[in-house]
1. Out of the stretch A:210-234, which residues are farther than 20 Å from B:Thr247 by Cβ and within 16 Å of the chain's Cα centre (by Cα)?
2. If you go through the stretch B:43-50 one residue at a time, do you hit one that is in the same structural domain as B:Gln326 (by TED's automatic domain parsing) and part of a helix (DSSP H, G or I)?
3. Could you tell me whether A:Ala140 is buried (at least 21 other Cβ atoms within 10 Å of the Cβ), more than 14 Å from every other protein chain (Cβ to nearest Cβ) and assigned to a loop (DSSP other than H, G, I, E, B)?
4. Has the stretch B:281-298 got at least one residue that is of a type in the set (Ser, Thr, Tyr), over 15 Å from A:Val234 (Cβ atoms) and within 11 Å of chain A (Cβ to nearest Cβ)?
5. Only one of (1) farther than 21 Å from B:Gly10 by Cβ; (2) not assigned by TED's automatic domain parsing to the domain that holds B:Ala328 is not met by B:Val166, so which one is it?
6. Please find, within the stretch A:283-296, the residue that is nearest to B:Ile196 (Cα to Cα) out of those that are under 21 Å from the mean Cα position of the chain (by Cα) and surrounded by 24 or more Cβ atoms within 10 Å (Cβ to Cβ).
Protein chains: 2
Amino acid sequence: MKSYNLAILGATGAVGRQMLRCLEERNFPVGEIRLLASAKSAGAKLGFRGAQIEVREADADAFDGLDIVLGAVQAPLALRFAPAIAASGAVFIDNSSAFRLSDGVPLVVPEINPEDAFSHQGVIASPNCSTTIALVAVSAVNRISPIRAMYASTYQAVSGAGAPGVTELEAQTRAAAFGCEIKPEVFRYQIIQNIIPQIGCFEGEGYTSEEMKMQRESRKIAHLPELLVNCTCVRVPVLRSHSISMTVVTENPVSPSEAREAIANAPGCALADDPANYVYPMPLPASDQDLVYVGRIRRDLANPNGLALWCSGDQLRKGAATNTVQIAELLIAG
Amino acid sequence: MKSYNLAILGATGAVGRQMLRCLEERNFPVGEIRLLASAKSAGAKLGFRGAQIEVREADADAFDGLDIVLGAVQAPLALRFAPAIAASGAVFIDNSSAFRLSDGVPLVVPEINPEDAFSHQGVIASPNCSTTIALVAVSAVNRISPIRAMYASTYQAVSGAGAPGVTELEAQTRAAAFGCEIKPEVFRYQIIQNIIPQIGCFEGEGYTSEEMKMQRESRKIAHLPELLVNCTCVRVPVLRSHSISMTVVTENPVSPSEAREAIANAPGCALADDPANYVYPMPLPASDQDLVYVGRIRRDLANPNGLALWCSGDQLRKGAATNTVQIAELLIAG
């Protein structure tokens with residue numbers, strides 16, 4: 001079996017570490033694995049298939065001989081290293097927002113638009129975490145009747161802000177338990193016992209960058225250039241897994257039972273919709289696995305073509321690391 | 001100045017205690033104050049205007065000589081004591097759901113429909129907490145152009161489940177900090193570092209009782225019998241104050257700046273809408289005061305007649321105790 005030389009760019013962050021775990025769990029045919037990070041993380045060691053792999057500094061020469069680079073860094077670093085990756089001939093599967101909306105860069109959720117991956121010109125982008133989770137949840141509905149509009153209010157975990165977000169909530173949990181002073185550092189305001197209705201930067205019109213991603217990226221992934229999205233992104237004191245309260249308005253009405261059946265059979269989805277037995281998605285049970293849980297499926301009382309639902313998914317896995325590794329799997333299978 | 005003999009039915013609960021504080025803070029002209037609760041709480045003492053008032057058991061004779069009874073018990077107990085309150089001649093201002101939708105019982109938010117209070121036949125109801133907070137936030141918009149539909153996703157504090165809800169989140173915070181086992185008792189599932197998309201019981205069509213209140217009670221309070229409400233109610237690990245992500249669809253378009261000006265001038269509202277300076281409503285600063293904070297006001301990207309916004313308000317105060325005391329103030333002024 002052919003094997004591939006891979007690098008993880010940003011290997012020591014929350015998403016990078018998860019990528020390494022995904023490669024191991026999914027038995028990705030790895031030849032060499034190169035763990036790249038900033039100079040300050042160089043020398044650290046991360047376990048992979050029983051070995052301890054030393055992290056090395058990401059520099060222009062770091063990509064020679066690679067087949068695939070998985071990007072787990074923020075957009076500025078992805079932009080900085082993209083030319084060196086291109087020069088090495090490796091395909092760059094990037095989890096940052098740097099290239100998601102660029103022409104010629106496929107934006108791929110393998111359960112939704114796998115075929116797009118093959119038109120890449122060296123870079124493939126993995127979408128925003130909330131967008132991926134929302135779209136996996138509703139793509140089965142979109143296949144029954146095209147989605148015209150989407151209302152989404154998110155309940156996003158602190159790990160969406162990376163490992164420091166997790167550390168901050170844990171520290172504030174201890175501070176709250178002991179009655180100590182709580183000093184926000186990663187988040188602008190206290191996050192324990194509070195919620196913050198801002199993720200990303202404010203753009204024109206009062207929407208944040210995170211909220212606009214839901215519209216812009218969904219349009220590209222789902223091939224729905226006219227899709228209208230009204231999104232509110234909110235940080236909640238949850239360690240892991242984002243949840244989303246959604247209403248989708250379809251071209252023709254889709255009944256809750258039709259939607260339920262389609263979602264139960266949709267790749268990447270698990271139906272968790274048995275309210276009589278208190279079964280609905282929640283972030284805690286959705287964490288540390290790859291499925292998006294969908295439940296609370298019911299008709300929209302405000303629109304005959306609307307369908308309300310609720311979903312939870314692990315944004316470090318399906319919302320980031322797993323999706324990126326799945327794109328790599330598509331490439332090597334294709 | 002005339003004074004009034006008042007009882008608080010359910011005085012030792014989270015809402016009852018808050019009612020006592022509200023009466024004190026607002027200098028309500030109290031003659032006698034009678035604190036009524038279950039036999040098990042009888043004998044406890046609560047402070048009021050420097051005195052310690054003994055709690056007595058609520059029984060059929062407990063209401064003699066009263067002018068007003070403020071109800072802070074659940075619906076079954078409100079139903080049980082209503083005949084005795086009626087027999088005593090006192091007006092029953094009830095915070096439970098028992099009478100809210102009954103004919104002849106006004107359902108009142110003093111900032112919205114004060115005139116309704118005067119048509120009472122002995123009972124006046126105070127609405128569901130989330131409904132009150134949502135309607136105070138958007139009633140200024142409704143005055144510009146009638147609201148046709150409302151999309152609401154709530155982020156509700158544990159104190160909505162009363163004092164035991166607060167105790168449970170505090171206990172689970174300590175358990176999480178110490179790494180101890182977390183045993184849910186008040187809530188069906190762990191609430192620390194989790195969220196639960198169920199408040200109330202499931203009714204037909206997959207909506208909960210709490211979600212349907214937003215439609216049924218809003219219709220009655222706002223005199224909008226055709227109002228359509230699509231609501232998702234979610235419990236979050238916040239001690240106090242509910243937040244709501246809302247979109248309202250009005251008969252004619254209302255611009256964000258029109259809405260902002262109207263909300264800034266609306267009674268009971270505080271505008272907190274300066275995203276450039278990170279100003280938006282959050283539950284922590286909204287707690288322990290009576291205003292509903294409204295922000296994140298922007299156009300609905302999915303509907304030209306829609307307006308998106310975000311609000312936070314203390315559900316024990318404006319969502320319950322304060323609203324009930326304000327209704328009493330209306331009555332004695334009227």
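1. Within the stretch A:210-234, A:Glu217, A:Lys220, A:Ile221, A:Ala222 qualify.
2. No; the residues of the stretch B:43-50 include none that is in the same structural domain as B:Gln326 (by TED's automatic domain parsing) and part of a helix (DSSP H, G or I).
3. So A:Ala140 does not fit the description; no.
4. Yes: one or more hits.
5. (1)
6. Looking at residues that are under 21 Å from the mean Cα position of the chain (by Cα) and surrounded by 24 or more Cβ atoms within 10 Å (Cβ to Cβ), I get A:Pro283.
This table checks each residue for (1) of a type in the set (Lys, Arg); (2) buried (at least 21 other Cβ atoms within 10 Å of the Cβ); (3) assigned to a loop (DSSP other than H, G, I, E, B).
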position: A:Ala259; (1), (2), (3): no, yes, no
position: A:Ala276; (1), (2), (3): no, no, no
position: A:Pro281; (1), (2), (3): no, yes, yes
position: A:Leu301; (1), (2), (3): no, yes, yes
position: A:Ser312; (1), (2), (3): no, yes, no
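Results for (1) over 23 Å from the mean Cα position of the chain (by Cα); (2) among the hydrophobic types (A, V, I, L, M, F, W, C); (3) part of a helix (DSSP H, G or I), shown as yes or no for each residue.
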| position | (1), (2), (3) |
| --- | --- |
| A:Gln18 | no, no, yes |
| A:Glu24 | no, no, yes |
| A:Ile33 | no, yes, no |
| A:Glu54 | yes, no, no |
| A:Pro76 | no, no, yes |
| A:Pro83 | yes, no, yes |
| A:Phe92 | no, yes, no |
| A:Ala98 | no, yes, no |
| A:Val109 | no, yes, no |
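The values are calculated or read from the model by the stated rules, or taken from the named source; none is laboratory data. Computed from a predicted model, the values in this text were never measured in an experiment. Here Cβ is always computed from backbone atoms with ideal geometry, including for glycine, and neighbour counts include all displayed protein chains.
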